[in-house]
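Remarks on the structure that follows.
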2 protein chains.
Amino acid sequence: MAAADPPPSPPVSFGIIGCARIAHKVSRAMLLSPNSTIVAIGCRSAEKAAAFAKDNGFPASAKTYGSYDAVLEDPDVDALYIPLPTSLHLHWAVLAAKKKKHVLLDKPVALNVGELDEILAACESSGVQYMDATMWMHHPRTAEMKAFLSDERRFGQLKAVQSCFTFAADKYFLENDIRVKPDLDALGALGDAGWYCVGSILWAADFDLPKSVLALRGTVFNSAGVILACSASLHWEEGKVATFYCSFEANLATDVTVFGTKGTLRFHDFIIPFEEREALFSTAEKSGFTEPLTGWEGKPSQHTVITELPQEALMVTEFSRLVGSIKFEGAKPEKKWPSLSRKTQLVLDAVKASIEKGYETVEIVS
Amino acid sequence: MAAADPPPSPPVSFGIIGCARIAHKVSRAMLLSPNSTIVAIGCRSAEKAAAFAKDNGFPASAKTYGSYDAVLEDPDVDALYIPLPTSLHLHWAVLAAKKKKHVLLDKPVALNVGELDEILAACESSGVQYMDATMWMHHPRTAEMKAFLSDERRFGQLKAVQSCFTFAADKYFLENDIRVKPDLDALGALGDAGWYCVGSILWAADFDLPKSVLALRGTVFNSAGVILACSASLHWEEGKVATFYCSFEANLATDVTVFGTKGTLRFHDFIIPFEEREALFSTAEKSGFTEPLTGWEGKPSQHTVITELPQEALMVTEFSRLVGSIKFEGAKPEKKWPSLSRKTQLVLDAVKASIEKGYETVEIVS
């Protein structure tokens with residue numbers, strides 16, 4: 001006798017505070033996600049909130065508020081998506097947790113790990129789920145690539161990673177965007193772009209924290225002291241090494257190359273895939289030059305991964321699944337996501353410290 | 001009245017000293033090159049030389065010697081190809097120049113720039129052409145890629161380079177190859193693989209020398225103190241930065257990524273193309289995320305470059321063209337090639353010095 005499927009849980013109800021550009025994408029993801037819905041949005045003006053809801057096809061029942069507080073007070077809101085500037089995360093994420101709202105927090109998640117620890121402590125204390133909004137981690141390609149990296153026979157042991165996230169910010173961005181303002185996103189390109197680079201490296205390293213970090217000379221700052229471009233190296237034992245380059249000053253590039261003893265993994269659109277419904281990655285195994293050194297065996301080969309839902313909708317779906325488990329089944333919050341977020345922040349902090357110390361090596365202390 | 005073509009010059013006559021693995025490839029290139037021929041080879045035994053000549057289809061007239069000196073004394077030899085271990089380059093290249101033989105020298109060209117300067121001085125004093133045997137520089141793809149990098153409208157200004165050359169040496173190599181022996185190729189992976197990485201970076205930077213170099217922690221040495229893997233960063237002014245990773249311990253990978261303000265260049269087989277007759281590279285221009293941040297515009301596009309002759313034959317042809325100009329037309333040696341070689345060696349030396357100084361930044365003094 002087959003057990004009947006349990007009745008489906010109602011969708012998780014999201015509130016959104018702030019009408020940032022990224023909120024267009026994430027609210028679309030909430031509407032695409034089968035276990036999520038949007039019940040409220042608050043902006044600094046009610047008119048902006050109403051316009052945002054209309055422009056983005058929110059359900060007619062969604063409430064629009066002229067303040068963030070109103071969203072946090074709304075008893076219909078299960079979970080809060082926070083796309084605010086980084087300097088506001090501590091206040092709003094802690095408050096959300098205290099109001100028993102689950103927290104989907106945009107990245108960079110905090111100005112430093114001390115702030116993040118306050119956020120995580122508030123979430124833990126309230127028993128709410130925390131997740132940062134790093135979308136590529138939820139693409140099915142990411143799991144397929146991880147299977148390759150985990151296959152000792154094909155990839156061997158990890159030896160090195162090279163990662164980058166660069167984009168060419170225009171004049172308007174460089175003068176006005178929150179990411180170049182010391183009071184809003186003080187980590188600049190390191191927080192906005194470096195977050196992804198560090199995350200990709202830690203991902204390749206199974207989130208085994210490096211022993212030390214060294215920022216490389218040549219950090220570019222704007223006149224307010226915010227980082228516009230920087231690079232760094234991460235070091236483990238036995239020569240395992242990673243480098244990354246992040247910049248607001250170079251053409252858009254988002255590459256990760258992972259070097260193993262037996263295999264190589266490459267992908268060139270790790271943050272946002274070139275196409276929404278399919279994504280490529282390349283693997284090479286047991287590569288060598290053919291005799292007399294005029295060609296290759298074990299050439300890189302392309303793999304295509306199809307996804308019905310875009311990665312941001314899969315992220316929202318996973319977050320809602322965890323929230324639903326807590327709300328309807330009494331589960332505990334999943335600790336993996338706060339842990340990955342915290343490790344990423346620890347490395348970012350160390351890169352920043354290395355820059356501030358004049359490019360000294362900084363040990364990572366978890 | 002059309003001028004008649006000048007009568008074609010006779011081909012340049014090569015001698016080869018040493019029967020290394022790479023000499024199979026380069027002698028094949030000499031036979032493919034329309035303005036080159038092989039007239040002599042000397043190995044440590046006459047039998048080996050004869051077998052090498054037979055196995056590699058040398059002209060029946062080619063002489064085979066049981067010593068290197070015999071090749072240098074042979075008046076039919078215009079130019080010498082030297083595929084010997086690096087520690088022997090100083091002696092044989094200087095001697096070749098003194099005997100008025102043009103010098104095609106395998107890389108790494110010398111143990112340090114002091115040795116290289118002795119070689120270059122000997123060549124200059126004798127009026128013979130010097131070129132190092134870095135083949136990829138002569139592939140037509142390289143010129144096409146350079147045209148992209150030089151196009152301000154498409155690529156903008158150079159901001160960063162990432163390069164790698166890794167291969168997974170087997171147990172036999174790690175115990176026996178000249179590249180792991182301190183008395184033969186003392187620079188190990190830095191000389192053998194790092195030479196290419198540094199060259200690719202300098203190439204992208206129009207051979208503008210960096211101001212400083214920093215080796216990154218985690219160099220791997222064998223029990224004899226030879227480098228098996230290392231990485232380093234190169235620094236120019238205004239934040240321009242390059243990093244490379246070279247290793248005998250990771251699956252074969254030869255990638256270069258060049259970051260410009262407006263464009264990106266990528267190629268994954270820079271040292272030896274995947275295929276002999278056609279090579280790919282990828283460019284991206286004015287790339288950006290499409291709204292609402294769910295895809296790309298200005299995606300990377302692939303370009304194919306066909307070549308009738310493999311890059312090593314084009315290298316030999318270019319070298320012979322220069323030698324022919326000197327021999328038959330009284331031209332002076334081309335100074336570009338010794339200059340590029342010397343700049344590469346200067347950076348290699350600085351990386352080595354940085355490792356030896358415990359990972360201090362080393363200024364480049366040309």
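Summary of computed values
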| quantity | calculated |
| --- | --- |
| Region B:290-320 and region A:143-204: distance between their alpha carbon centers, rounded to Å | 26 |
| For residue B:34, label point 7 Å along C-beta direction: distances to other copies, nm | 6.5 |
| For residue B:48, inter-copy label distances in nm, listed shortest first [label point 7 Å out on the Cα-Cβ vector] | 7.7 |
| Peptide A:257-269 - average C-beta neighbours from other chains (10 Å radius) | 5 |
| Cα-based shape type of the protein assembly as shown, given that a ≥ b ≥ c are square roots of the gyration tensor eigenvalues and the cut on a/c is 1.5 | prolate |
| Rg and Dmax of region B:12-134, Cα atoms only, in Å | 13.2, 40 |
| Debye, to nearest 20: dipole size of region B:12-134, +1 on Lys, Arg Cβ, -1 on Asp, Glu Cβ | 380 |
| Residue-count net charge about residue B:35 - beta-carbon cut-off 12 Å; Lys, Arg +1, Asp, Glu -1 | 0 |
| Ranked B:187, B:84, criterion: other C-beta atoms within 10 Å, fewest first | B:84, B:187 |
| Environment charge at residue B:167 (Cβ cut-off 15 Å; Lys +1, Arg +1, Asp -1, Glu -1) | -3 |
| Derived scalar couplings ³J(HN,Hα) [region A:214-220; Karplus, 6.51 cos²θ - 1.76 cosθ + 1.60; whole Hz; x for Gly, Pro] | 10, 6, 9, 3, x, 4, 9 |
| Partner chain coverage, peptide A:160-167 - average Cβ within 10 angstrom | 5 |
| Proxy reagent accessibility, fewest Cβ within 10 Å first, across B:308, B:118 | B:308, B:118 |
| Cβ-based net charge around residue B:269, under 9 Å, with every Lys or Arg adding one and every Asp or Glu removing one | -1 |
| Shortest-first distances to equivalent copies, position residue B:286, nm, label 7 Å out along Cβ | 4.7 |
| Dipole of chain B, positive end: most advanced residue of B:331, B:319, B:305 [Cβ charges, Cα centre] | B:331 |
| Calculated Rg and Dmax of region B:105-174 using C-alpha coordinates, Å | 17.6, 50 |
| Total lysine pairs whose alpha carbons fall under 22 Å of each other in region A:12-134 (8 or more apart, or interchain) | 13 |
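Read the figures in this text as sums done on the coordinates, not as results from a lab. All values reported here derive from a predicted model rather than from experimental measurement. Counting neighbours? That spans all protein chains shown, and the Cβs are built from the backbone with ideal geometry, glycine included.
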